[in-house]
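Here's the structure we're looking at; comments come further down.
The values are calculated or read from the model by the stated rules, or taken from the named source; none is laboratory data. Values in this document were obtained by computation on a predicted structure and should not be read as measured data. Quick reminder, even Gly has a Cβ in these numbers, built from the backbone with ideal geometry, and neighbours come from all protein chains shown. With ligands, DNA and RNA removed, areas are computed over all heavy atoms of the protein, side chains included. Shrake-Rupley method; radii C 1.70, N 1.55, O 1.52, S 1.80 Å.
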Amino acid sequence: MKNAYLKIAGTIIGAGLFLVSCTKDEFELSTEDSLTPFTSKIGIPSSDFNFKAPSLIKKLPEKSMFHDVPFNLASIVEPSKCTLTPLDDVIAASVSSNLDSIGFDWYDLYAEMNFLSTITDDSPQYFGADGEDTQKVKNITKSLERFWFMPHEIEVRGQHKTTLEDYDKLVDILMFWYERPASEANALAYYFTNFVNVESTFLTETPLITADGFAIALDGAFGQNDLIVIGDGIVDLLEQTGIRRGVIWNGIMAHEWAHHIQFNNQEKWYPNGAADNVPEATRTTELEADFFTGYYVTHKKGGTQNWRRTQQFLELFFNIGDCSFTSDGHHGTPLQRMEAARRGYLLARRIQNKGKVLTANQVHNRFLKQLDKILGNEPARVIQSTDDEIQDEFQFDVQPDALQ
């Protein structure tokens with residue numbers, strides 16, 4: 001069975017790419033003025049509605065997913081050798097711009113509902129808030145299918161803020177995933193669309209509500225194929241760091257696609273797990289996905305990115321590193337993630353000169369040989385691109401069998 005790590009529990013979003021340095025107290029919400037999920041400024045009496053946040057009842061299959069981009073408003077990143085990134089600054093600015101107490105109270109549930117909605121969303125898909133990236137995503141999907149010999153295996157879906165403003169979709173989510181009776185689902189959907197969404201500018205405007213990206217191997221569960229889901233928010237946030245949208249889409253999609261390659265080879269590659277503890281195991285598989293991504297986006301038969309775009313691509317992976325060393329969702333530090341992607345890039349440069357495309361198994365073996373170097377002394381952020389440097393980097397690591 002395909003393998004991943006289930007990260008859904010209650011209203012908490014799973015393990016992730018980034019954490020932001022903020023707490024509820026930092027936003028100075030006064031007790032007198034603060035709102036709760038049960039009442040609002042417009043004076044809706046809780047006794048009349050008695051609303052309680054619904055608990056998730058229907059579960060996703062075990063060992064079925066990676067959840068790559070969670071966000072927790074109350075999480076803290078301690079200053080350390082593991083530095084914060086430009087993306088952290090963008091997220092902090094986004095949070096502080098219009099976070100309100102209603103948004104804080106309902107954020108986790110809203111993010112969870114939006115996440116769940118994409119899994120069973122059979123509507124025509126579009127990418128970007130106005131569909132501006134739809135053709136780009138179709139082209140990348142075809143390229144990934146061709147490069148990794150995986151035609152029609154994976155469906156790519158978009159995640160949008162408008163889902164949480166759609167009364168009918170909210171009713172469907174509440175009835176299916178939370179198994180609420182129709183009367184309660186309708187009452188909650190009415191409350192969300194007519195009161196919560198009206199009173200909180202944060203929930204309907206923040207890109208964080210769609211800052212998601214994940215791969216999920218459903219194996220037919222819920223009548224669904226294997227999926228990759230990319231939210232509008234994560235693309236928009238990363239674009240604010242100065243990275244081009246095309247680079248972002250290529251990088252995120254290739255990374256999530258690499259997780260599906262791991263799912264297909266889990267029993268062979270990691271029969272006893274990727275490490276003896278969850279944080280290290282997650283880090284290993286995430287860094288491998290970064291390595292695969294660097295290889296794909298650089299290869300002339302893959303993403304075909306030139307050096308200028310590759311520099312931005314490496315910055316992308318620097319931005320999505322995290323410092324949560326003991327978290328089950330630790331993906332690697334910013335510098336480790338960039339180094340994993342860089343080494344994948346160097347491998348592609350070395351191999352493609354021979355006119356070869358490595359199999360997924362060969363790329364996996366190359367990654368394992370590089371892992372200690374990726375995790376060792378953190379590399380400087382000065383990225384060399386000379387042919388001599390590329391030749392020297394892999395002359396002992398790439399064996400002749402890899403070129404066959």
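Can Trp257 be described as open to solvent by less than 10 Å² (accessible area, probe 1.4 Å), under 24 Å from Ile140 (Cα atoms) and out of contact with any Gly (no Cβ under 8 Å at 6 or more places or on another chain)?
yes
When you check Ile234 against the structure, is it assigned to a strand (DSSP E or B) and either in contact (Cβ under 8 Å) with a residue 12 or more places away in the chain or in contact with a Gly (Cβ under 9 Å, 6 or more places away or on another chain) (or both), yes or no?
Considered against the rule, which asks whether it is assigned to a strand (DSSP E or B) and either in contact (Cβ under 8 Å) with a residue 12 or more places away in the chain or in contact with a Gly (Cβ under 9 Å, 6 or more places away or on another chain) (or both), Ile234 comes out as no.
Would a scan of region 73-87 turn up a residue that is under 22 Å from the mean Cα position of the chain (by Cα), over 30 Å from Glu184 (Cα atoms) and at pLDDT 80 or above?
yes
Scan Ala221, Ala281 and give me the residue that is aliphatic (A, V, I, L, M), out of contact with any helix residue (DSSP H, G or I) (no Cβ under 8 Å at 6 or more places or on another chain) and surrounded by 16 or more Cβ atoms within 10 Å (Cβ to Cβ).
Ala281
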